[in-house]
Amino acid sequence: MIDKLIDLIADAVKDYAGEAVLPTFSVTVPAGEDHGDFSTGVAFGLAGPLKMAPHDIASEVAVRMRAHTDLIDRIEVVKPGYINFIMGRAFWHGSLRHIAERQTDYGKSDVGRGKKVLIEFVSANPTGPIHVGHGRGAVIGDVLARVMAASGYEVTREYYINDAGNQVLSLGYSVLNEYYKTNNIKPLSNTGEYRGDYVVSISGTLASMIPPAEINEQNIKRITEFSVKSVLGDETRALPNSSIKEALRSFNITFDNWFSEKKLYDDGSVAGIIEELNKRHAVKQEEGATWFLSTLYGDEKDRVLKKQAGELTYFASDIAYHVNKYKRGYNGLINIWGADHHGYLPRIRAALTALGYDADRLIVLFVQMVRLMRGDRPVAMSKRAGEYVTLKELVDEVGTDAVRFFFLQRSHESQLVFDIDLAKKQSQENPVYYVQYAHARISSIFGYALTKGWNVDAIEQRDSYVFTSQEKRLLAQCLIYPEVIRDIVAKGEPHKLTYYLVELVGILHRYYTDTRVVGDDQDTGQRLLLMNVVKIVLKNALDLLGISAPEKM
RNA sequence: GCGCCCGUAGCUCAGUGGAUAGAGCGUCGGACUUCGAAUCCGCAGGUCAUGGGUUCAAAUCCCAUCGGGCGCUCCA
């Protein structure tokens, strides 16, 4: 319905100034009540090209709209150059009908037009349980995936497993040494760098997988593989409750694809990439190592692909991984990375460009750090020392819905302080309950209404009903929901959805305290229909956030 | 030193060219014999880090400075 208003404005602008100067503009719900039901600032965008005062332009546009306005009661041009709209009854009733008819589809669109998009996120090294910082990236990637899927994109969610190289090998040694220690065997010189309960758990189940006689350094590869599987959750005996997959599952996050780095070595992809770069004269040999000339493509310095010692770098396999993504035919690639990987992007872009791929199709969202506190005490985070708060622990303490909501209230590019004590204390008053309560409350109203003979599904909408200003405000907020979704997709900022919900729910709760919904009058039915529409929006939005919409709480 | 992000209410954070700068938590004070008080209403709290500039209009854009975080590995 808002689209109609936008079209009307656009037509008037074209009529007045021509299509060429039509700026991108939006329609907003203004803060004050005396600024109309909806408002637009198109005139500001036209002021530059037309070299006129915004207010004069707004007047001209408004005049051209007054001709065809069966949906609009009044148009006002105000102060610096706003055009405010006071909508008519037909508009409100049409809107109500529109949302009610679309139901679970309300807010969905096809702006993606079936474009294939790959979202890679979390991708934490399988060397230990995932922690709180990963959780933040996980929710951001997950919600972005949900929102884009609802907007007509064909989304694949992928987790890249770094199961090759020194890090996982070090895990293997850590487990082996733990095994030696508990069985009083003389330890090796390579003790591995990971400590923690999970290392003990894995070593405890090692003998059930590998015959004790074969548990030694000669079989470090097998031990490593077993350890990685345990950490990931593919081998459930060792860490049934704290594996990466279990932590993500309990955090309501799923993946379509778990992509193995090791596979890229095994099938020759990594070697092939170096060969291909070599063919394109983007490689040099120096000091016994093989370098990619990334400075030719805008990076600060050249990067090593193959070390002096002969082993390939993580960078080399990462190029292969990204090339693999392109080859799988995705139009859009989105990576959610920790902000500490910021300096890594130029070299990946350089490599993709050198290999003839369009690096602009790769978008990276950098998620800033999470600093953990317990009250005023910072919590030390050291994965290697086994000293950290895992995502699973946090979710068990605070709850999936609350943690997800909390992470989604912050912009991904702001660092945030997560006070565990506060989060636990707040779990009673967490904003997420504010939102969920609204949903439960409407359900409860419906239950009560039913005892009074009002069945929401059987009520007929009466177009003669005149909405109160609060009711119009409520409807207006429901009507901008699709705009919010569109905005999130365009800017990659899923946190806007929680803010939207808090605002919507605030209007609802205020309305509820001021207005008796289920009364003795015939208008009861019309109010119930409005509640139904709010409930639809709440449900749809909470679904996109991966947060439950309870009927009771 | 260079690059990226940040600096907004006591705390945690929204707002990133436009109408009186917002929310949650925290303080204090009010509202349930009637649809859910996990709610609502009110009070208090701001030189939007600082200084300059651009603009009809700046928390928002540009420059400088100060402060904080991260990165600048033949680590991943």
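Principal-axis analysis of the Cα atoms of chain A puts helix A:166-182 at an angle of about 60° to the longest axis. Net charge in the neighbourhood of residue A:17 (other residues with Cβ under 12 Å of its Cβ; Lys, Arg +1, Asp, Glu -1) is -2.
Charge dipole of chain A (Cα centre as origin; +1 on each Lys and Arg Cβ, -1 on each Asp and Glu Cβ, all else neutral): 620 debye, rounded to the nearest 20. The residues neighbouring residue A:512, those whose beta-carbon lies less than 14 Å from its own, together hold a net charge of +4 under the Lys/Arg +1, Asp/Glu -1 convention.
Our summary of shape: the Cα atoms of the range A:464-524 have principal axis extents of 47, 24, 15 Å, ordered from largest down, in whole angstrom. Summary of packing: across the peptides A:526-535, A:362-371, the per-residue average of other C-beta atoms within 10 Å ranks them, highest first, as A:526-535, A:362-371.
For the range A:286-361, GluC sites (Glu not before Pro) are listed when DSSP marks them as loop and at most 11 other Cβ atoms sit within 10 Å of their Cβ; the list is A:287, A:300, A:311.
The order of A:511, A:499 by accessible area, most exposed first and with a 1.4 Å probe, is A:499, A:511. Here the accessible area of chain A is 48 percent carbon and sulfur, with a 1.4 angstrom probe and all protein chains present. Averaging the Cα positions of each part gives two centres, and for the range A:476-503 and the range A:230-245 these lie 36 Å apart. Separation of the range A:102-130 from the range A:28-98 is 36 Å, based on Cα centroids.
Loop-located trypsin sites (Lys or Arg not before Pro) across the range A:33-98 with a Cβ neighbour count of 13 or fewer within 10 Å are A:51, with loop assigned by DSSP. Look at where the Cα atoms of the range A:145-179 and of the range A:515-553 average out, and the two centres are 40 Å apart.
Judged by the ratio a/c of the largest to the smallest principal axis of the C-alpha gyration tensor, the range A:430-545 counts as prolate, that ratio being 1.5 or greater while a/b is larger than b/c.
In the full protein context, the range A:430-545 carries 40 Å² of accessible surface per residue, based on a 1.4 Å probe and ignoring ligands, DNA and RNA. Calculated on the alpha-carbon coordinates, the convex hull of chain A measures out at 194 cubic angstrom per residue. Net charge in the neighbourhood of residue A:36 (other residues with Cβ under 13 Å of its Cβ; Lys, Arg +1, Asp, Glu -1) is -1. Taking every protein chain into account, the accessible area of the range A:2-87 amounts to 51 square angstrom per residue (probe 1.4 Å). Mean silhouette area of the range A:2-87, derived from the convex hull of its C-alpha atoms and averaged over all directions, reads 4.9 nm². Relative to the longest principal axis of the C-alpha atoms of chain A, give the angle of the C-alpha long axis of helix A:132-150, reported between 0 and 90° and rounded to the nearest 10°. Between helix and principal axis, roughly 50 degrees. Against chain A, whose longest principal axis is taken from its Cα atoms, helix A:197-206 shows a tilt of about 60°. Need the list of aspartates and glutamates near residue A:306 for cross-linking: C-alpha distance under 20 angstrom, and skip anything on the same chain fewer than eight residues off. Qualifying aspartates and glutamates at Cα under 20 Å: A:163, A:261, A:266, A:267, A:275, A:276, A:286, A:287, A:318. Per-peptide packing, taken as the mean over residues of other Cβ atoms within 10 Å, places A:177-188, A:458-469 in the sequence A:177-188, A:458-469 from highest down. Solvent-accessible area of residue A:197, all protein chains in place: 130 Å² (probe radius 1.4 Å, heavy atoms, ligands and nucleic acids excluded).
The values are calculated or read from the model by the stated rules, or taken from the named source; none is laboratory data. This is a predicted model, so every value here is computed, not measured. Counting neighbours? That spans all protein chains shown, and the Cβs are built from the backbone with ideal geometry, glycine included. When the accessible area is computed, the model is the full protein with side chains, heavy atoms only, and any ligands, DNA or RNA have been set aside. Shrake-Rupley method; radii C 1.70, N 1.55, O 1.52, S 1.80 Å.
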